[in-house]
Amino acid sequence: MHGREMESETFDVVIVGGGAAGLSAALVLGRARRRVAVVDAGSPRNAPATHMHGFLSRDGMPPLELLEVARNEALRYGVQLVDDQVVGIEAGFTVRLASAGPLKARRLLVATGLRDEIPDIPGLRDRWARDVLHCPYCHGYEVKDKTLGVLGWTPQAASYAQIVRQWSDDVVYFAPTGSLTAATRRQLAVRDITVVDGSVRRVLVVDDGLDGIELDDGRTISRDALFVPPRFVPNNKLLIDLDCDHDEDGWPITNGDGRTSVTGLWVAGNVANPRAQVITAAGEGSAAAIAINADLVEEDIRNALDRQTSSVATSHQQHEPELENRT
């Protein structure tokens, strides 16, 4: 835990998830003089990556370094950082932790991200974010003009290969047998994307670097890097437990600023937007924070009016006996 010692009073906002979205929201809310706690389990999705790209003014920075800088910035504004795992959230936003007492919140922001599901192919996970890559916008420039492969294991993978083609003239698309239509083959062919049909058995590694792809029939195709479009799965258990509306794939349904169907509950980043890069997630966290603060201001106004009304009523009650005695 960092920042001031935990107090018993209710936080204005508890943020679950200390990635770019959560910390960006914490920074905005801290600067708005809100009492904020960020709970993070310390397992960022992009931890295997050595560098991140496409973030203005931070291009090439290691992602863990970005998070450390962001945490220190949030601390300057009194945000409390809680290194723990959220195990449940009760109605009214009592946040239960694995290793400490519960936190109470007026508003809740869930920024728990997503997880990448990839095929169970030997060697694939070991090379993840090194030379087995998921995002051409994040990593494409670093492998430009090299021999690239694209694993065609999802329905959208052929379109994904067309994007990867921007970074190299030598792209091989590994297509499961019978998975491509004639039209899709033509589209790949006109941009000189080679199609290799068959099932991938494993990735080949030499001297701690990707060397090629081996197929079930024994063929090997030399490649410098392999792009694998993952299946994105939201880390949405907390949202489901709170009965948050979601689509058939589990993504929460929100308005433009991250507000969900549950009163007082917001989301930001990859838990709601699978395509959000780090800079996008940070922006969504900022937008959600501004909306949350506005919502809290409206509640502060209502509470102040209620106190005023109650105070006036109490004052009238105290003076009524005196008036009766005078009549």
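Read-outs: derived from the displayed coordinates by stated rules, not from any lab. Model, not experiment: these values are computed from the prediction. Using ideal geometry, Cβ is built from the backbone for each residue, glycine included, and neighbour counts are taken over all protein chains shown.
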Please list, in order along the stretch 215-223, the HN-Hα scalar couplings obtained from phi with the Karplus expression 6.51 cos²θ - 1.76 cosθ + 1.60 (θ = phi - 60°), rounded to whole Hz, x for Gly and Pro.
9, 4, 8, x, 5, 10, 10, 5, 8
Could you check the spin-label model distance between VAL206 and ARG219? Points 7 Å from the Cα along Cα→Cβ, value in nm.
2.0
Quick one: putting +1 on the C-beta of Lys and Arg, -1 on the C-beta of Asp and Glu, what dipole do you get for the stretch 119-227 around its Cα centre, in Debye to the nearest 20?
400
Using the Karplus curve 6.51 cos²θ - 1.76 cosθ + 1.60 with θ = phi - 60°, work out ³J(HN,Hα) for each residue of the stretch 45-55 in order, rounded to whole Hz, and write x for Gly and Pro.
4, 8, 4, x, 6, 7, 8, 10, 9, x, 9
Treating the beta-carbon of each Lys and Arg as +1 and of each Asp and Glu as -1, no other charges, what is the dipole magnitude of the stretch 45-120 about its Cα centre, to the nearest 20 debye?
480
What order do you get for GLU284, GLU9, GLU248, GLU65 when you list them from fewest to most C-beta neighbours inside 10 Å?
GLU248, GLU9, GLU65, GLU284
Please list, in chain and number order, the residues 5+ apart from ARG201 or on another chain whose amide H is under 5 Å from its amide H, with Hs placed from the backbone.
GLU214, LEU215, ASP216
In Å, the C-alpha Rg and Dmax of the chain are 25.8, 107
So what is the 222 nm mean residue ellipticity for the chain from helices alone, if each DSSP H run of at least 4 adds -39500 (n - 2.57) and you divide by all residues, rounding to the nearest 500 deg cm²/dmol?
-10000 deg cm²/dmol
Taking the alpha-carbon centroid of each part, what is the distance from the stretch 50-68 to the stretch 167-213 in angstrom?
30
For the stretch 278-306 and the stretch 237-255, distance of Cα centres in Å:
20
With the dipole of the stretch 261-307 worked out from charges on the C-beta (+1 for Lys and Arg, -1 for Asp and Glu) around the Cα centre, which of LEU265, GLY285, LEU305 lies farthest toward the positive end?
GLY285
Rounded to two decimals, what is the ratio between the C-alpha radius of gyration of the stretch 119-227 and 2.2 N^0.38 Å?
0.98
Among ILE213, ALA182, TRP167, which residue has its Cα positioned farthest towards the positive end of the charge dipole of the stretch 119-227, with +1 placed on the Cβ of Lys and Arg, -1 on the Cβ of Asp and Glu, and the dipole taken about the Cα centre?
ALA182
Lys/Arg Cβ at +1, Asp/Glu Cβ at -1, dipole of the chain taken about the Cα centre: which of HIS139, TRP251, GLY19 is farthest positive-ward?
HIS139
Derived scalar couplings ³J(HN,Hα) [the stretch 227-243; Karplus, 6.51 cos²θ - 1.76 cosθ + 1.60; whole Hz; x for Gly, Pro]:
9, 10, x, x, 8, 8, 10, x, 7, 10, 4, 4, 5, 4, 4, 8, 6
Over the chain, cysteine residues that find no other Cys C-beta under 4.7 Å are CYS244
If each K or R counts +1 and each D or E counts -1, the residues other than TYR77 whose Cβ falls under 11 Å of its Cβ total +4
